[in-house]
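The values are calculated or read from the model by the stated rules, or taken from the named source; none is laboratory data. Everything numeric here is computed off the predicted structure, so don't read it as measured data. Virtual Cβ from ideal backbone geometry, glycine too; neighbours counted across all protein chains shown.
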Amino acid sequence: MEKEIVRLEEKLAEPDCTPEDRSYFEEELQEKQRRLTQMIAGGTVAQWRTSLKNDPMIAQFLDPESATEHPQFKDPKTGLKSWQQKDWDKNRERAMDRVSYLLAAEIARRPRSQLSAETIGLVAVTYPGLEQLKPLDRFLGVLPQTAAQSIESGFADLCHLICDCIRSEGCVDLGSDDLHEQFARFRPPVGRWMSLRDHSAHGTLENLVGQSRKQINVDFAARVLMQAGVGEDRAERLGIELLEMVFRVLVDAAKSNLIDWINTEARQTDSGEDVDALQFKLDALGLQAVDDAFECEMNGWIWSRAILGCVPQKGCGALLPVKFSQPDDARNDQRVRRFDRLRRDYLDREVFRLGLWAEEHSAQLAPLETRRLQGLFREGARNLLSCTTTMELGIDIGGLTSVMMGNVPPGKANYLQRAGRAGRRSDGSSAVLTFCQNRPFERAVFQNFGQYLTKPLRRPRVIRDRPKLAIRQLCAWLLGTFFNEIRDPNGHTGAMVAFGSMGMFCRVHRTSKWQRNKPRPQLSRQPMIPLPADASWVQSQQTVADSFLSYLGWIRDVSTWHQDLAKDLMQGTPLEADATDDWDGLIAKVEKIFNDAIEDWKSDYDPLLALWETVEDNTDATRRQANAINRQLATLAETTVIEALSNRQFLPRYGFPVNVHRLVVRVWDDESKRVREEEQFRLERGGLLAMREYVPGATLMAGGKFIKSRGLNRLPFVGDHYESFGERKSARVCERGHFCIRAFGTIPDQCDECGGNWENAAKDILLPRHGFSTAAWDQPRRFGSVVSLFGWSTTQIDWGTTERRPDDVVIDDFASVNGLTAMYRDDGKLVVLNHGENGRGFMICTRCGYAESERRGTRADTALPETFIRHLPLWMTGGRPAEHSCTVGGATHPLRNQVLGSTESTDMLRLGFAGTHLPSRDLTFLTTMKLALYRAGAELLQLDPRELGSELVASQTGVWDIVIYDNVPGGAGHTRELINDGTLWLEEAKRLLRGTPEHDARCELACLDCILGFESQSAMEAGQVNRRLVLQHLGK
């Protein structure tokens, strides 16, 4: 090529060259020079794409889109779908079609903080023709002579690195709209434009030059100049000028056709001004293997170019020259390069020439989807499954040879179940590999795996001796027989609504929406459901609840059939004798529990109804207040009887999806041309966990895609009685630290636990009713990172009043410890609150449910941020915010400063240390004591430790109590059993802390032999565990 260029130059130099020939030779010369530049750069991206499409190895790539359709054919023998050769062929065709995307995904952006083929030195993107560019003399003239010489000699490298910065910002044109659209589904979108300083807040314009060295580009330019000899006092200003000069050189080179891989045009800024902007054409960039390069001493990142020991990366240490073609034994230094092994593996190991067809197998996917993936794995059409505990039990795959665990399972049983999935065939071998995370429990297992594996397994136990469990089963049976008497024999209904709603059950007065310029609507009441006319227990009851009480009276006084069946039902339980000898007393107990549950529900409903009736003025503000109360009343009234009574411990919770929240994934359906819920996923969590994993702003991974929660889900409007997002409550903390949560607007004037004053204003709590939702305009993507919001949440205990109630069990001098008070309560509330990113709650759009964390320092009257004002409804896939935003025309009044929460009632045991000689203000003592009691309780009751929970709660200022609770919705009576023998419980805790003489001599804080476990790692990391401290105070 160089010879051809010389020949053409000689032709042009001949004096007798005609104008026609000269024009032809000049065009030929220009084309040859362009091709030579590309060859020096290593070949264009377009050329590499063509080569890759013809590479047989492309067939090893799994196409994620068509993978959801595997398999396509049915096995005639089993009726199940089966993998066939046609599926493989179709995948190969789709993989070839995706080569453009795969190549763009790898090189369109230069990553700043992620592993890639560039950052580990496998490949380098080049910019053909940069060697022809020269710095502007007017800039060199303001530099010291030595600095000017350094910049001039290294100008190509400087331009190369600044081009890397431009590419990192996504200022790259992929060549087609379809490829841009495909790219945006899986990666942060590209196609932006780079201007010098100006940018567009809502458009696609980035700025190369920042105002100070806080920006990475300015910092890089300043460091280069300082290395060239410019003083630090001038480096920032001259660094900005250096970036300006490089930008101008690149734009001029593109406009003069000296460089063909840059698009330039005028782009509009926020102020309406047109400015020069540039963008790289990906297909025209070069791509080549790396040999001579530089390695960052701090993070191991590889740079193919550097100037004066500098690269555009903050925090980068010294740059060390590397030559990849040089054998290790010929190197002058023998240091370990961070990514050497990874680079060699990619280049040389045969395993990387085999496609890794991996899928997720978890409860986050629909059952049909998990069965499909399991079948593909069994047939060999997938060679890796990334699983949660869904594969732990009951699934055997004969050809499975290896199991890798990403962390140490919490117990031996879990480990054996997971490890036992491999090597099920008698003729095969297996490998089990466990990765131990750098946390206290897992480090301890790593150091003493034999101890972990030789621990005795917990014996399974079926609990039948708890009166609380038996009475709920009896209540459920009696309520079921009652509804069987009154149900419509021709009616059909789902299980959760079989007993109707609480509004119907109690026949409460209902409100409706107050319309503008109309009087306040009248209260209404649903008609009484028809009762069987021939039933002797039917009288003139006005509510279904009263009818049930009458039915119970008839069972007690008249029916013998119910008692006979109850004897069988209660056999082997603590209520067996009552069912036989004290039937009247047993029914009376059921009546009391039922009445208490109904009154508790009414204590939430009636005050809100009274508050609604006090609203008189027909103004916008008061009407909004009345309608907000109406929504809360509707939420309470539409609560199912099963949910309300199980939450109040009249019915068992087992099997009912009570307080379960879903994350609805909204996607566009090309076939029906509408937004629908994605059926591939089954994202469900209990309410307490959902407040940490599903709230708006959280990102989780399911089915290989990253899914971001964008708001709260809601049901559609149904007449005037429409569902709100959930039940609203108020919460406060008193000056002694006691937490109180009550129905909206009903917080007492003083703390009902201690009578003290409140420390802060009441917070608005929203208990979501219908779960959470993604946005149709933010589809699940195959790129991103998991964002868990545990740090935004807090766990609280709502104990209620400390005054002793008739049902409380209170023991003074508990466990023979003077002054230690134990109080058991069967309806304590466990509360998880999510305060948002900045601790100020969330702003929620009342039209679509979109939500954002409130900004710092905001109040209800603070202006809404621009991102909230411009949001599109969650059900839209796109559109102009100015036309479709929920806030257009002020039609929506968002909820402000809403703390999202969830509550669970359960059995709790509270231990008060304030009156003892023990250090009730020492968090290390109390935390260790809490862990010891928690573990000892599980040992005594032969429970999985996860069936209990523990928290520290404020008793008085600076003094803390320990609360041990049943980690079972509604409670299971575990803590009730623990209070029966406090001395044995405390002795077991001391024995656990002390251990054997050998253990006592070697263990300082905690270990696997005492209280170090999966659940105690956070306290250990916080330095709040010290077994010797507790033993010292308790006495050995």
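Miscellaneous remarks
- The lone exception for LEU952 - which of (1) free of Cβ contacts under 8 Å to residues at least 40 places away in the same chain; (2) more than 28 Å from the chain's Cα centre (by Cα) it fails: (2)
- Residue among PHE706, PHE717 that is of a type in the set (Phe, Trp, Tyr) and modelled with pLDDT under 85: PHE717
- Which listed residue, of ALA882, ALA851, ALA863, is out of contact with any Pro (no Cβ under 9 Å at 6 or more places or on another chain), among the small types (Gly, Ala, Ser) and either under 30 Å from LEU1031 (Cβ atoms) or modelled with pLDDT of 85 or more (or both): ALA863
- Annotation note: of LEU712, LEU767, the sole residue that is over 25 Å from LEU872 (Cβ atoms), outside the structural domain of LEU952 (by TED's automatic domain parsing), at pLDDT 90 or above and within 19 Å of the chain's Cα centre (by Cα) is LEU767.
- Restricting segment 490-540 to residues that are in a loop (DSSP other than H, G, I, E, B) and among the aromatic types (Phe, Trp, Tyr), the residue that is farthest from the chain's Cα centre (by Cα) is TRP537.
- Number of the condition not met by VAL251 [criteria: (1) surrounded by fewer than 15 Cβ atoms within 10 Å (Cβ to Cβ); (2) under 30 Å from GLN33 (Cα atoms)]: (1)
- Flag for ASN818 being more than 30 Å from GLY1035 (Cβ to Cβ) and of a type outside the set (Lys, Arg): no
- Identity of the residue in segment 946-967, outside any strand (DSSP E or B) and surrounded by fewer than 20 Cβ atoms within 10 Å (Cβ to Cβ), that ends up modelled with the lowest pLDDT: THR957
- Any chance VAL615 is within 23 Å of ARG742 (Cβ to Cβ) and either at pLDDT 90 or above or surrounded by 15 or more Cβ atoms within 10 Å (Cβ to Cβ) (or both): yes
- Selection within segment 763-795: residues that are crowded, with 18+ Cβ neighbours inside 10 Å and of a type in the set (Gly, Ala, Ser). The member of this set that is farthest from ARG676 (Cα to Cα) is SER793.
- Checking LEU1029 against (1) within 23 Å of ASP966 (Cβ to Cβ); (2) touching a Phe, Trp or Tyr at 6+ places or on another chain (Cβ under 6 Å); (3) not basic (Lys, Arg), the condition it does not meet: (1)
- Search result, residues across segment 357-369 that are part of a loop (DSSP other than H, G, I, E, B) and either over 25 Å from ASP55 (Cβ atoms) or at pLDDT below 85 (or both): SER362, ALA363, GLN364, ALA366
- Looking across segment 99-119, the residues that are buried (at least 19 other Cβ atoms within 10 Å of the Cβ) and in contact with a Ser or Thr (Cβ under 7 Å, 6 or more places away or on another chain) come down to ARG109, ARG110.
- Pairs, first touching a residue at least 24 places away in the same chain (Cβ under 8 Å) and buried (at least 19 other Cβ atoms within 10 Å of the Cβ) in segment 863-877, second outside any loop (DSSP other than H, G, I, E, B) and of a type in the set (Asp, Glu), C-beta under 9 Å, six or more apart: PHE868/GLU852; HIS871/GLU852
- In segment 798-854, the residues that are touching a strand residue (DSSP E or B) at 6+ places or on another chain (Cβ under 7 Å) and either among the polar types (S, T, N, Q) or on the phi > 0 side of the Ramachandran plot (or both): THR821, ASN834, GLY836, ASN838, GLY841, THR846, GLY849, SER853
- Qualifying residue in segment 616-632 (condition: in a helix (DSSP H, G or I) and touching a Cys at 6+ places or on another chain (Cβ under 9 Å)): no
- Residue match in segment 554-565 (condition: surrounded by 15 or more Cβ atoms within 10 Å (Cβ to Cβ) and assigned to a loop (DSSP other than H, G, I, E, B)): yes
- For GLY849, the conditions (1) touching a helix residue (DSSP H, G or I) at 6+ places or on another chain (Cβ under 9 Å); (2) surrounded by 20 or more Cβ atoms within 10 Å (Cβ to Cβ) are fulfilled apart from (1).
- Qualifying residue in segment 593-612 (condition: free of Cβ contacts under 8 Å to residues at least 24 places away in the same chain and either more than 26 Å from PRO748 (Cα to Cα) or basic (Lys, Arg) (or both)): no
- Residues in segment 638-695 that are among the β-branched types (Val, Ile, Thr) and under 21 Å from the mean Cα position of the chain (by Cα): VAL660, VAL664, VAL665, VAL667, VAL695.
- Candidates LEU933, LEU943, LEU926, filtered to the one that is within 34 Å of the chain's Cα centre (by Cα) and in a loop (DSSP other than H, G, I, E, B): LEU943
- Among residues of segment 972-1028, those that are in contact (Cβ under 8 Å) with a residue 40 or more places away in the chain, of a type in the set (S, T, N, Q) and loosely packed, with under 15 Cβ neighbours inside 10 Å, counted: 1
- Qualifying residue in segment 641-656 (condition: surrounded by fewer than 23 Cβ atoms within 10 Å (Cβ to Cβ), closer than 30 Å to ASP600 by Cα, free of Cβ contacts under 8 Å to residues at least 40 places away in the same chain and charged (D, E, K, R)): no
- ASP270 vs. criteria without any contact (Cβ under 8 Å) to a residue 24 or more places away in the chain, farther than 30 Å from SER325 by Cα and surrounded by fewer than 20 Cβ atoms within 10 Å (Cβ to Cβ): no
- Single residue of segment 720-775 satisfying the filter (touching a residue at least 40 places away in the same chain (Cβ under 8 Å) and among the acidic types (Asp, Glu)) that is nearest to ASN897 (Cα to Cα): ASP764
- GLU106, sole failed condition from (1) of a type in the set (Asp, Glu); (2) under 22 Å from LYS3 (Cβ atoms); (3) at pLDDT 85 or above: (2)
- Some residue of segment 818-831 being aliphatic (A, V, I, L, M), within 25 Å of ASN967 (Cα to Cα) and surrounded by fewer than 20 Cβ atoms within 10 Å (Cβ to Cβ): no
- Breaking point among (1) under 22 Å from CYS734 (Cα atoms); (2) part of a loop (DSSP other than H, G, I, E, B), for THR916: (1)
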